[in-house]
Amino acid sequence: MSEKQKLLKELPSVDEILKGDAGVRWCRAYPRRYVLQAIRDVIDMRRKEIMDASSTDVSVEGMTGEIEMKIEKLSAFSLQPVINATGIVIHTNLGRSILSEKILDNVKKIAESYSNLEYNLEEGRRGKRYAHITGILREITGAEDALIVNNNAAAVLLCLSALAKGREVIVSRGELVEIGGSFRVPDIMSLSGAVLREVGTTNKTHLYDYKNAINENTALILKVHKSNYRISGFTEEAPAADLKKLSEEYHIPVMYDIGSGCMIDLKPYGIHSEPSVREIIKSGVDVVTFSGDKLLGGPQGGVIVGRKEYIEKLQKNPLTRALRIDKLTLAAFEAALMEYLDEDKAVENIPTLKMLLQKPERIKERAKQIALRLKRKCASGGKAAKIEVTEDTSKAGGGSLPEIEFPTYAVLISPENISVNDLEERLRKGTPAIIARIKDHALLLDARTIRADEIDSLVQGVNAALY
Ligand SMILES: *Cc1c(COP(=O)(O)O)cnc(C)c1O
């Protein structure tokens, strides 16, 4: 018998490893099928290594580490936390808004127990799912009534279907937008069964364009926020308040898809381009729709606020049942909306608002702290990179406040023994994944979106990725 054949015979069996101490421990902690798969894979790998003479180790101990790593990889969750070092606060690819502990506590409380989701405790009979948030939404926005569906795309679809099916909806050509992830106004319109009536031109739509398009088959005037682009130069659009006058004259409701949905007055922060939901309702718009997880900083959802007669029509539409939100979303919304009863509390307690509106000096402090700790760690590990704090700007993201550059501070890393692209990739593939930005041949970690409790993992991750 050759040396190789002898070694192959000595290789442990799957069963032998499975019944050993490690095997028993793995089976307790991980799905058995993944334990089996990992053991098989590593034995196969070792068999090949023996064949091509790259290994002679046939001990169980010699395989344990590799098997364990494979099991961990196989049973890791696909959806996992990442560190957002892009500075983009409402990053749709990274999950848009993050939720505060207080909001999550409420979600947990409702999730682990039965609740009065659709049960009226006062009267001892069936209650309404949405009753839990209409009161608070009325309070914050000043609207008569409210509803929340699965997301804002669903909210727009529902409104068009329930209020304008088979009839015409007037929209400015300058507002036939496509939002990332294939939300296109004309497509949603045809899906809803409403008929799109385009008016005006790309850059200019006057009030008389709307007026001239009104006929006996007009059901709705729709205004759409140009969330992710700007038309500048020779432009004109009809303000919501003017459309309202037209709407009153012809008894046609005005709907406004405002996209982001800001619940506070941003003017004290120097932002004048984004009216609050309250201001829009006050201007007389009949139905307003917006996302729950953009500027509002809550869970995914499509909030609809407006006149009672229209919200009631929406509630009766069968689509509402198909687009309904679950109790976890509802619990998160109620807790998030509660923060808005005092605007200063919202700015402090809603992570999205806090990250967007924090003072640049505070971001600078955090950037300095990260840079200092990185420098120390990398110096002690013998890693070669230039590390310094730099001034930059960040964007809100998620189609919110597209024209605004928020001054920020970032940690700039110029690695010496590895390319910037390789560093970016290694960070992205690490655990936890770190998503950074590349600018002018350097890697930027924007401190705006890095939480204090993430700094430890960030420093470790960057150190591990450098050479
Ligand atoms: C973001 C956005 C949408 C889509 O909202 P979702 O909550 O992502 O479905 C629709 N309209 C406008 C104007 C938007 O900005």
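The values are calculated or read from the model by the stated rules, or taken from the named source; none is laboratory data. Computed from a predicted structure; not experimentally measured. Cβ: placed from backbone, ideal geometry, glycine included. Neighbour counts: every protein chain shown. With ligands, DNA and RNA removed, areas are computed over all heavy atoms of the protein, side chains included. Shrake-Rupley method; radii C 1.70, N 1.55, O 1.52, S 1.80 Å.
Put simply, of Tyr250, Tyr229 the only residue that is among the aromatic types (Phe, Trp, Tyr) and touching a Pro at 6+ places or on another chain (Cβ under 7 Å) is Tyr229. When the residues of region 11-27 are filtered to those that are over 13 Å from Glu68 (Cα atoms) and assigned to a helix (DSSP H, G or I), the one that is most open to solvent (accessible area, probe 1.4 Å) is Lys19.
Within the set Asp446, Asp440, the sole residue that is acidic (Asp, Glu) and over 13 Å from Ile370 (Cβ atoms) turns out to be Asp440. Just checking: which of the helices (runs of 4 or more DSSP H) contained wholly in region 204-304 hold 3 or more residues that are away from the ligand (no atom under 14 Å from the Cβ), closer than 30 Å to Val89 by Cα and assigned by TED's automatic domain parsing to the domain that holds Ile170? It comes to 277-282.
For region 196-229, a residue qualifies if it is open to solvent by 30 Å² or more (accessible area, probe 1.4 Å), farther than 19 Å from Ser291 by Cα and within 31 Å of the chain's Cα centre (by Cα), and the qualifying residues are Leu196, Thr202, Asn203. A count restricted to region 138-175 and to residues that are assigned to a helix (DSSP H, G or I) and either open to solvent by less than 10 Å² (accessible area, probe 1.4 Å) or within 10 Å of the ligand (Cβ to nearest atom) (or both) stands at 13.
Of the residues making up region 374-425, those that are among the charged types (D, E, K, R), in contact with a strand residue (DSSP E or B) (Cβ under 9 Å, 6 or more places away or on another chain), open to solvent by 60 Å² or more (accessible area, probe 1.4 Å) and in contact (Cβ under 8 Å) with a residue 12 or more places away in the chain are Lys375, Lys386, Glu388, Glu391, Lys395, Glu405, Glu416.
Does any residue in region 34-54 that is at positive phi come within less than 8 Å, Cβ to Cβ, of a residue that is surrounded by fewer than 18 Cβ atoms within 10 Å (Cβ to Cβ) six or more places away or on a different chain, and which pairs are these? Note: pairs meeting the criteria are Ala53/Lys4. Glu178 - would you say it is closer than 28 Å to Asn151 by Cβ and open to solvent by 80 Å² or more (accessible area, probe 1.4 Å)? So Glu178 fits the description; yes.
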